[in-house]
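A short worksheet on the structure shown next.
The values are calculated or read from the model by the stated rules, or taken from the named source; none is laboratory data. Keep in mind that this is a model prediction, so the values were computed, not measured. Note: ideal-geometry Cβ built from the backbone for every residue, glycine included; neighbour counts use all protein chains shown. Protein only, heavy atoms only, side chains kept; ligands, DNA and RNA dropped before computing areas. Shrake-Rupley method; radii C 1.70, N 1.55, O 1.52, S 1.80 Å.
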Amino acid sequence: MSHPKDAPAVHPVPPAFAAQANLTRADYQRLYAESLRDPDGFWRQVATRLDWMRPPTQGKDTSFDREDFRIRWFADGELNASVECLDRHLAARGDRTALLFEPDDPAQPAQSVTYRDLHARVCRLGNALRNLGVARGDRVTIYLPMIPDAVVAMLACARIGAIHSVVFGGFSPNAIADRVADCGSKLVITADEGVRGGRRIPLKANVDAALRLPRSNSVETVLVVRHTGAAVDMQMPRDRWFDAVVEGQPDQCRPERMNAEDPLFILYTSGSTGKPKGVLHTTGGYLVYASYTHACVFDLKDDDVYWCTADVGWITGHSYIVYGPLANGATTLVFEGVPNHPDHSRFWQVVDKHRVTLFYTAPTAIRALMREGDGPVRATSRASLRVLGTVGEPINPEAWRWYHAVVGDGRCPVVDTWWQTETGGILITPLPGATDLKPGSATQPFFGVRPALVDADGRRLEGEAEGNLVLLDSWPGQMRTVHGDHQRFFDTYFSAYPGMYFTGDGARRDANGDYWITGRVDDVINVSGHRIGTAEVESALVSHPKVAEAAVVGFPHDIKGQGLYAYVTLVAGEPGSDALRDELVRHVRSEIGPIAAPDHLQWAPALPKTRSGKIMRRILRKIAENQPDQLGDTSTLADPSVVDALVKARRDAG
Ligand code: WTA
């Protein structure tokens, strides 16, 4: 493994890259200044990159203040997202590849879907959905594997003005039911099974179990894609085969004229309290922002082959597998598999096979592959690669350097892109032809983005500083509301620091003004780049009859970034056993999904609380990290002996 001893702290833009880049340092400086001086004019100009049905005459109309709180962009514009992603490319590039599909099993053939084919498939499904009674404004839940039909399903909803809610294939029936119930979905699109790393995932059976729960009673129809061909229970007349309903449908479908501020999708994400929130994005601003950031951050060129390894169940998949790349007429690769199957060269074999030029993945994948050494990477060419990106969690400098030196052979700029489900697109990032790189730093704000750091009292910190990361002004891709709960939207993001959007992240700004994201400062834990709310896992644990109380904290994990550490107090008289521990972990898997399963579960005779009954998570974090000498001030504890017992049990567990 390569560990450069005198690794440079700064990687200047390679001159050869700068010479061909879409945006140079001077461009960045000029456009950034312009975007702050006149955000309305700047974004109205950027918005002309779309082919609006009715071009907007209005631009920015936003305020984060309680009195006249509003977020509206291009509010009188009209467009249809599927037309932006498909129809407008047909004349000049209809035969160009829109989607490359690489299946889980490398022995299965890859597929290539042209813009013309994708347009026809989307139109057929759009017509079928209309025939099934799905109308503009209705919600559709999509629970599919990473296959082209997942993209078809999203765009078909957009075509007819239906609002999609994609649910990640790793969520359990219970979590599907929560998401279906919250938005009142009329129709669910799923597949017989998914396959990942050779393992089958019973998607249709999960949907069946979800729909048996009474709260899912809004669903009238389930469309089932035949993917693996496994036998599934079809419940008539509710369940319909996808291929049967699209067969014979015309390959033209009238697109709905949507207002820029009409909803495009809802995507559920975890917060620090309560149930996951339905983050709602609208059509015009989101699409302008996703497409423009995609083009700028990846230095997109006409002949690029772009691959983002995320799942469409997450925001990264929405913005940077589907909407951004397709709105830009790019070729986007859809990968069904995992990085370590059949072996640890899989990513790089796919890069070579499809001549991938722009590659975007998560730090957790990089760390897992780095652990396997350089061999599986060196066994491949990767000569096609031009830009490497990361997203989802802070990347440690060691992993950044390995990605840059080994995967990119030191040639390719690494863009560490910071953003959130709520932000719709990338907010803090290098631009590969414009920004000097620092391993571990997301560097500079994108155009129009005004980050700032504040202390706990909301005082602005200037210059070199560390604090809570806030945004002082709106950008077009910003979420517009929490579905069904606008008050929760305001309270969650705009009440902590009046007049500012609070990200929930901490950050440091260095002497050059570069940002280093330090991670969440709230009760959200970032496990392998997936957001998990501690409150959700706690309520899953407490829903088990033998559990009296539970507290969940994050702890540093070599591969996952953070892991989940659960403290569980059992009901009186219930002895803790290994069998019960396994049962509780299984219980969380079935309540939420495998991504929320605790890595450690410790029995806690009692939890450390303040005299007012608040659980002191700071102390639980230190115990989980096995740093009992750093517990800090414990004088406010109601019963300090509780801590001694937990520390002792933690030490005994090793
Ligand atoms: C974290 C994913 C450091 C951060 C797009 C944020 C990052 C949360 C980075 C959002 C990065 C994302 N460096 N941390 N480059 N990118 N994060 O909603 O804590 O799934 O608040 O969106 O991931 O996660 P989400």
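Per-structure values
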read-out	value
From the options R44, R66, R54, R70, residue that is farther than 30 Å from R196 by Cα, loosely packed, with under 14 Cβ neighbours inside 10 Å and free of Cβ contacts under 8 Å to residues at least 60 places away in the same chain	R70
Qualifying residue in segment 370-381 (condition: within 16 Å of the ligand (Cβ to nearest atom) and either closer than 22 Å to I532 by Cβ or without any contact (Cβ under 8 Å) to a residue 40 or more places away in the chain (or both))	no
Enumerated strands (runs of 3 or more DSSP E) restricted to segment 82-144, each holding at least 3 residues that are open to solvent by less than 50 Å² (accessible area, probe 1.4 Å)	97-102, 139-143
Top-ranked residue in segment 222-233 [being open to solvent by 50 Å² or more (accessible area, probe 1.4 Å) and under 14 Å from I189 (Cα atoms); ranked as farthest from the chain's Cα centre (by Cα)]	R226
Residue in segment 31-38 that is open to solvent by less than 60 Å² (accessible area, probe 1.4 Å) and among the acidic types (D, E) present	no
Test: D416 is more than 16 Å from the ligand (Cβ to nearest atom), modelled with pLDDT of 95 or more and among the acidic types (D, E)	no
Those residues of segment 396-413 which are open to solvent by less than 10 Å² (accessible area, probe 1.4 Å) and either within 15 Å of the ligand (Cβ to nearest atom) or assigned to a helix (DSSP H, G or I) (or both), in sequence order	A399, W400, W402, Y403, V406, V407, P413
Cross-chain or 6+ apart pairs with Cβ under 6 Å, segment 457-475 first and modelled with pLDDT of 95 or more and open to solvent by 40 Å² or more (accessible area, probe 1.4 Å), then of a type in the set (V, I, T) and not in a loop (DSSP other than H, G, I, E, B)	R460/V454
Sole residue being free of Cβ contacts under 8 Å to residues at least 24 places away in the same chain, closer than 30 Å to T421 by Cα and not aliphatic (A, V, I, L, M), chosen from P214, P263	P214
Segment 243-272: number of residues that are of a type in the set (V, I, T), within 19 Å of the chain's Cα centre (by Cα) and surrounded by fewer than 23 Cβ atoms within 10 Å (Cβ to Cβ)	1
Pair list, Cβ < 7 Å and 6+ apart or interchain, from segment 516-532 residues that are closer than 11 Å to P394 by Cα to residues that are open to solvent by 30 Å² or more (accessible area, probe 1.4 Å) and near the ligand (Cβ under 7 Å from one of its atoms)	I517/P394; T518/P394; G519/P394; N526/R520; G529/G392
Enumeration of residues in segment 275-321 that are in a helix (DSSP H, G or I), aliphatic (A, V, I, L, M), more than 16 Å from the ligand (Cβ to nearest atom) and open to solvent by 10 Å² or more (accessible area, probe 1.4 Å)	A295
Any hit, segment 584-602, residues being among the hydrophobic types (A, V, I, L, M, F, W, C), more than 30 Å from N174 (Cβ to Cβ) and part of a loop (DSSP other than H, G, I, E, B)	no
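For every residue, the table says whether it meets (1) among the acidic types (D, E); (2) in a helix (DSSP H, G or I); (3) surrounded by fewer than 24 Cβ atoms within 10 Å (Cβ to Cβ).
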| residue | (1), (2), (3) |
| --- | --- |
| P342 | no, no, yes |
| K353 | no, yes, yes |
| S381 | no, no, yes |
| T390 | no, no, no |
